[in-house]
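S.K.: Would you mind keeping the following structure in view while I ask a few things?
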Amino acid sequence: MDCPEFELLESILYEPSNENNEIYLHEHLLRLNNSATDLFDDKDYGLFKKYTKEEFAKRVRVKLNQYIDKKKLNKSIEPRIVELTVNKNGDIKITDHPYIPLLLEGLKIKLDTEPILSDDIFLNHKTTNRKVYDKARHRIGLDPIPTPGSDPIFDVLLFNKKNEITMCSFAYIAVEFIDKDGTSFWKTPPVECGLLKGVYRKMLLNNNKIIDEVITVEEIQQAQREGRKIKCFNSIYKEFIVELVL
């Protein structure tokens, strides 16, 4: 693969008291293993020269369990954010830091000024290569890392060359729609538009909380004008309402 140096990345909210904690762990590791297969199954990389795909998946889980036991995270009262990276040679690095709740009220997002290429493979995998997102944030004057409260604009909303919205740089997007009977429902863009296969997104889809269907730039702008809700979500901060700057 002709691409810049990068590592696979998973940021996991580890909450021993949450009954869904093990489910989230499983889904994060499943996504990591799928990304390793798609991105590192290459003759120039060493990962799958060392391990079969099954051996790699088992090795990651064993390493994570050892880290959790060593740091006594399973006995922690407070949630932690566990970050796991894997490079092309299969080297695994795990760190953790406190989960710091953010004030997720009154946040605004702004549309990017130019479209992304929806066939960019890095849009479908969580890695340390964030150039697409960093450039989008830079185009509208944002720092690489969002800090709610420090800027009236929290995040940038990306869209592709078909004028379909995709996701924000640090969260997914969903828009409230109203059916012919007056019942509201939520749509989120499908991954084919050019976005990451999210863990929390998958849960919302499986529980019929949202549906994945194309949303155009014009549709989300119209939703904002009509006062319909727009929300961002991810596996760390879950769901929060945002305002699209028109």
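Here, each number is a calculation from the coordinates, and none is a lab measurement. Model, not experiment: these values are computed from the prediction. Reconstructed Cβ throughout: ideal geometry from the backbone, glycine too, with neighbour counts over all protein chains shown.
S.K.: Let me check against my output: what whole-number percent is the relative contact order of the range 8-98, with C-alpha pairs under 8 Å and at least 6 apart?
M.R.: Reported relative contact order: 41 percent.
S.K.: Obtain the nm distance between the two label points defined at Glu176 and Asn21 by a simple spin-label model: each point lies 7 Å from its Cα along the Cα-to-C-beta direction.
M.R.: With each label placed 7 Å out from Cα toward Cβ, I get 3.4 nm.
S.K.: Also, quick follow-up: Report the full-extension gain for the segment Lys131 to Ile236: residue separation times 0.36 nm, less the Cα-Cα distance, to one decimal in nm.
M.R.: Contour length minus Cα-Cα distance gives 35.7 nm.
S.K.: Which Rg and Dmax, in Å, describe the Cα atoms of the chain?
M.R.: 18.7, 57
S.K.: To continue, here is another question. Over the chain, what is the relative contact order in percent, taking alpha-carbon pairs closer than 8 angstrom and at least six residues apart?
M.R.: Rounded, it is 20 percent for the chain.
S.K.: How about the range 34-123: which GluC sites (Glu not before Pro) there lie in a loop by DSSP and see at most 14 other Cβ atoms within 10 Å?
M.R.: Answer in residue order: Glu105.
S.K.: Over the range 149-242, what is the mean sequence separation of C-alpha contacts under 8 Å (at least six apart), divided by residue count, expressed as relative contact order in percent?
M.R.: RCO, the range 149-242: 28 percent.
S.K.: Can you give the convex hull volume per residue for the Cα atoms of the range 60-188, as a whole number of Å³?
M.R.: Each residue corresponds to 179 Å³ of Cα convex hull volume.
S.K.: Could you tell me the ratio Rg/Rh of the range 8-98? Both radii from Cα atoms, Rh via Kirkwood.
M.R.: The Rg/Rh ratio comes out at 0.99.
S.K.: At 222 nm, what helix-only mean residue ellipticity would the chain give, in deg cm²/dmol to the nearest 500, using -39500 (n - 2.57) for each DSSP H run of four or more?
M.R.: Per the formula, -9000 deg cm²/dmol.
S.K.: Can I ask one more? Over all directions, average the projected area of the Cα convex hull of the range 107-245 and note it in nm².
M.R.: That works out to 8.1 nm², a quarter of the Cα hull's surface.
S.K.: Fewest to most neighbouring Cβ within 10 Å: what's the order for Arg31, Arg137?
M.R.: Fewest-to-most Cβ neighbours within 10 Å comes out as Arg31, Arg137.
S.K.: Where does helix 53-71 land angle-wise versus the long Cα axis of the chain, in degrees 0 to 90, nearest 10?
M.R.: Taking Cα atoms only, the helix is inclined about 90 degrees.
S.K.: Give, in nm to one decimal, the length gained when the segment between Asn207 and Glu243 is fully stretched (0.36 nm per residue of separation minus the Cα-Cα distance).
M.R.: 10.4 nm
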